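Trainee: Below is one structure. I have some questions about it.
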Amino acid sequence: MIGRSLIAKPTHPLVRAFVGSSSRFIPCTLALRRVIPRSILSRGYSVDSEATKRTFDISKLTRSEIQQLRELKRARERKYKDRTVAFYFSSVAILFLGLAYAAVPLYRAICARTGFGGIPITDRRKFTDDKLIPVDTEKRIRISFTSEVSQILPWKFVPQQREVFVLPGETALAFYKAKNYSDKDIIGMATYSIAPGEAAQYFNKIQCFCFEEQKLAAGEEIDMPVFFFIDPDFASDPAMRNIDDIILHYTFFKAHYGDGTAVSDSKKEPEMTSDEKAASLVNAAILSPEVINARKDKPN
């Protein structure tokens with residue numbers, strides 16, 4: 001075997017070019033030992049016992065052996081290029097896969113901090129004392145509350161008040177009421193938005209029930225609080241000058257099926273039988289507040 005040692009400067013241009021390109025990765029002697037066949041090494045190298053050096057004699061190589069060196073060099077360069085291209089394509093694929101998984105939580109985090117997309121700000125680092133000082137010189141802003149329930153969720157979800165009037169910097173507390181009209185325990189989850197969307201960056205929620213699973217037992221009814229304030233900078237923003245009304249809208253979705261599996265966008269709720277639909281309608285009619293109040297007002 002050929003050990004690590006010095007190489008005499010080759011005179012042939014092909015060998016000089018090969019040695020120069022190989023020296024960027026490994027010592028020249030190792031590069032030649034790995035690429036040049038043993039038959040060429042045995043004929044092209046001679047050992048000087050006094051100087052303990054190995055020299056490469058290009059005159060002992062035939063034309064076919066030089067052609068073989070050229071082909072080996074090209075094959076090695078092609079292998080290196082193929083490996084580099086494969087590495088880059090794999091990196092890009094992994095990057096896009098990671099971005100696909102992180103897109104939704106990243107979007108929610110950005111919206112929660114900036115108010116982009118009509119999402120109120122929930123970043124508690126913005127809830128400083130100077131933000132909770134009402135601006136008495138400005139007119140009050142009307143905050144309206146609306147609600148919506150998914151078709152597959154047998155709940156009633158309504159705001160307890162239609163609207164409130166607040167000053168920028170003034171805290172306010174509102175309530176929503178939710179009731180489960182089915183005979184089973186159900187888990188729901190609420191999302192929310194602000195209209196107009198440009199006002200969302202000033203709508204700060206201190207406490208809310210959004211993006212958290214809410215479990216209601218069969219027939220259970222609960223009140224859900226919303227504690228919020230309008231940033232005082234709302235009053236000094238020229239773009240908010242003509243905005244006097246802000247709408248806070250909640251939508252409740254079913255979070256889990258009866259067997260505990262999560263509800264996804266690609267999976268639909270199993271169809272109910274005709275008897276189950278009839279029973280659900282009857283229960284909803286019997287337990288509705290309108291029917292109960294009508295029975296109370298009805299004379300005996």
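Trainee: Filter the range 126-158 down to the residues that are touching a helix residue (DSSP H, G or I) at 6+ places or on another chain (Cβ under 7 Å) and in a loop (DSSP other than H, G, I, E, B), then identify the one that is modelled with the highest pLDDT.
Mentor: If we filter the range 126-158 for residues that are touching a helix residue (DSSP H, G or I) at 6+ places or on another chain (Cβ under 7 Å), which is where we start, we get 131, 133, 135, 154.
Add one more test, that the residue is in a loop (DSSP other than H, G, I, E, B), and what stays is 133, 135, 154.
Values: Ile133: 64, Val135: 67, Pro154: 93.
For the range 126-158, the residue satisfying everything is Pro154.
Trainee: Output the residue which, of all residues in the range 171-211 that are of a type in the set (D, E, K, R) and modelled with pLDDT of 90 or more, is nearest to Ala235 (Cα to Cα). If you could, list the steps in order and put the result at the bottom.
Mentor: Here is the first cut: in the range 171-211, the residues of a type in the set (D, E, K, R) are 177, 179, 183-185, 198, 205.
Okay, now just the ones that are also modelled with pLDDT of 90 or more, so 177, 179, 183-185.
On the way: Lys177: 31, Lys179: 38, Asp183: 48, Lys184: 47, Asp185: 45 Å.
The qualifying residue nearest to Ala235 (Cα to Cα) is Lys177.
Trainee: Return only the number of the condition from (1) part of a loop (DSSP other than H, G, I, E, B); (2) modelled with pLDDT of 90 or more; (3) more than 20 Å from Glu148 (Cβ to Cβ) that Phe227 does not satisfy.
Mentor: (1)
Trainee: Cβ-Cβ distance below 8 Å, separation of 6 or more or different chains: which pairs start in the range 159-186 with a residue that is without any contact (Cβ under 8 Å) to a residue 40 or more places away in the chain and part of a loop (DSSP other than H, G, I, E, B) and end on one that is of a type in the set (Gly, Ala, Ser) and exposed (fewer than 15 other Cβ atoms within 10 Å of the Cβ)?
Mentor: Correct list of pairs: Asp185/Ala217; Asp185/Ala218.
Trainee: Do we have Lys205 as touching a strand residue (DSSP E or B) at 6+ places or on another chain (Cβ under 6 Å), within 18 Å of Lys156 (Cβ to Cβ) and basic (Lys, Arg) here? Walk me through it before giving the result.
Mentor: Working: touching a strand residue (DSSP E or B) at 6+ places or on another chain (Cβ under 6 Å): yes; within 18 Å of Lys156 (Cβ to Cβ): no; basic (Lys, Arg): yes.
Considered against the rule, which asks whether it is touching a strand residue (DSSP E or B) at 6+ places or on another chain (Cβ under 6 Å), within 18 Å of Lys156 (Cβ to Cβ) and basic (Lys, Arg), Lys205 comes out as no.
Trainee: Could you list, in sequence order, the residues of the range 62-78 that are at pLDDT 85 or above and of a type in the set (Lys, Arg)? Steps first, answer last, please.
Mentor: Initial filter on the range 62-78 (at pLDDT 85 or above): 71-78.
Result: Lys73, Arg74, Arg76, Arg78.
Trainee: Residues in the range 277-295: is at least one at pLDDT below 50, assigned to a loop (DSSP other than H, G, I, E, B) and assigned by TED's automatic domain parsing to the domain that holds Arg140?
Mentor: yes
Trainee: Looking at the range 249-270, can you tell me whether even one residue there is over 18 Å from Ser147 (Cβ atoms) and either outside the structural domain of Val164 (by TED's automatic domain parsing) or modelled with pLDDT of 90 or more (or both)? Steps first, answer last, please.
Mentor: Narrowing the range 249-270 to residues over 18 Å from Ser147 (Cβ atoms): 256-270.
From what is left, the residues that are either outside the structural domain of Val164 (by TED's automatic domain parsing) or modelled with pLDDT of 90 or more (or both) are none.
Checked the range 249-270: no residue is over 18 Å from Ser147 (Cβ atoms) and either outside the structural domain of Val164 (by TED's automatic domain parsing) or modelled with pLDDT of 90 or more (or both).
Trainee: Something else now. Looking only at the range 181-204, which residues are out of contact with any Asp or Glu (no Cβ under 7 Å at 6 or more places or on another chain) and of a type in the set (A, V, I, L, M)?
Mentor: So the first thing to find is which residues in the range 181-204 are out of contact with any Asp or Glu (no Cβ under 7 Å at 6 or more places or on another chain), and the list is 181-186, 188, 190-201, 203.
Matches in the range 181-204: Ile186, Ala190, Ile194, Ala195, Ala199, Ala200.
The values are calculated or read from the model by the stated rules, or taken from the named source; none is laboratory data. Not measured: the values here are computed from a predicted model. When we count neighbours, we look across all protein chains shown, and the Cβ atoms used for this are built from the backbone with ideal geometry, even at glycine.
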